[in-house]
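Q: Pasting in a structure now, in structure tokens, and then I'll have a few things to ask.
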Amino acid sequence: MLITLAIIGVVAALTIPTLVANYQNKSWNTAATVFERKLEEALKTMNTQQTLAGYKNTEDFVKELSKHFKIIKICKNDALTDCFEDKVFWGAENEEIEIANIKNASKFGQKDWDTETIGLQFANGTTGIVAYNPECRQDPYSNQITGTSCLALLYDTSGYKNPNTQNKDLRSINVQSLGNSSCAFELGGVCFTTPFKAERLTKTECEELVANNYGIVKCYFDNDYWAGAVKQCGGVDKMPTAAQIAKIADYVYNTSGIGMDEVHKLTLDYDKVAELGFSSLQSDGSFYMWTGEETNMNYASVREFYSSYTKRNTHTRSIDIYAVCIAD
């Protein structure tokens, strides 16, 4: 009996920490998915009511957001740590970041926004730091505007509790870098920013990017999400190639040497997906990302890389298509 108990004890010591870690990861992932879904619902409501765009600073935007998403405390950028943890760990090297220094949008990698950050505490216990995008657009007749391009948000699903680490309890939306740390994750020797879902551009807006040397060959249509990703990254040369995205696909599917045009039946590793900073995904394991490469065919779908290998009609906008930028 003593031998049996000893064996049980050894097995428990080996397996319980793994089970606890897996449970914690799933808990963080679920909390992040629920939080982002509710935030998107609030932003869509603001779009419908035409209260999403037109603010000159983050504080005014947050006041309106609080009418649709319950916020229990707001902290200005000289007192961010009254709403958020003092220090967090960010990037491939788990760099320690002082939150008190994250005073404006440029500290999120959004250098063109020129707005301050605001600290937030939400009713569900999540804490956050947000910056507003003055170029935010709205269209009350469009259900395709999610509003997520209107803000950059760093949020902690566990509030002040540890580990305060990126892609564990610490998540983000449109935070391309934090402080001086721009490498959110590294694969194949390449550093990438945090994944995001781009907002669409009109054909005219896309053509402005062509004129300003963003590397786009030609613009074909309105509702160009790919062009939106190019704009956010700062040019096609700041977006990954299809081969680099294949490396990401290899990682999240636990494979190696995925071919560009092959069709596979693969199982997505949701823990790895969360580790890289992706949020809500398709229930069937589909996984889509934009590449910086173009073809001479004027269809949006040819600008997409199917790292999911679950071929579907990409003109259906219920599909989540992610982008990442190559970090500076």
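Rundown of residues vs (1) over 22 Å from residue 53 (Cβ atoms); (2) in contact with a Ser or Thr (Cβ under 9 Å, 6 or more places away or on another chain); (3) at pLDDT 85 or above, yes/no style:
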{"site": "117", "(1), (2), (3)": "no, yes, yes"}
{"site": "123", "(1), (2), (3)": "yes, no, yes"}
{"site": "134", "(1), (2), (3)": "no, yes, yes"}
{"site": "166", "(1), (2), (3)": "yes, yes, yes"}
{"site": "193", "(1), (2), (3)": "yes, yes, yes"}
{"site": "203", "(1), (2), (3)": "no, no, yes"}
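Q: Among the helices (runs of 4 or more DSSP H) confined wholly to region 164-271, which include 2 or more residues that are of a type in the set (A, V, I, L, M) and crowded, with 23+ Cβ neighbours inside 10 Å?
A: 225-233, 242-253
Q: Now for a different question. What are the residue pairs meeting all of these: first residue in region 24-43, first residue buried (at least 18 other Cβ atoms within 10 Å of the Cβ), second residue modelled with pLDDT of 90 or more and hydroxyl-bearing (Ser, Thr, Tyr), Cβ atoms under 7 Å, and 6 or more apart or on different chains?
A: Close Cβ pairs (under 7 Å, with a partner that is modelled with pLDDT of 90 or more and hydroxyl-bearing (Ser, Thr, Tyr)) amount to 28/157; 31/157; 32/157; 35/126; 35/155; 35/157.
Q: Consider only pairs whose beta carbons are under 7 Å apart and that are at least six residues apart or on different chains; among these, list those whose first residue lies in region 211-222 and is over 17 Å from residue 238 (Cα atoms) and whose second residue is hydrophobic (A, V, I, L, M, F, W, C) and modelled with pLDDT of 85 or more.
A: 219/206; 219/210; 219/227
Q: Tally the residues that are part of a loop (DSSP other than H, G, I, E, B) and of a type in the set (A, V, I, L, M, F, W, C), restricting the search to region 126-143.
A: Taking region 126-143 and keeping what is part of a loop (DSSP other than H, G, I, E, B), we get 126, 133-143.
Restricting the remaining residues to those that are of a type in the set (A, V, I, L, M, F, W, C) gives 136.
Residues in region 126-143 being part of a loop (DSSP other than H, G, I, E, B) and of a type in the set (A, V, I, L, M, F, W, C): 1 in total.
The values are calculated or read from the model by the stated rules, or taken from the named source; none is laboratory data. Predicted model only: the values in this text are computed from it and were never measured. We place every Cβ from the backbone using ideal geometry, glycine too, and count neighbours over all the protein chains shown.
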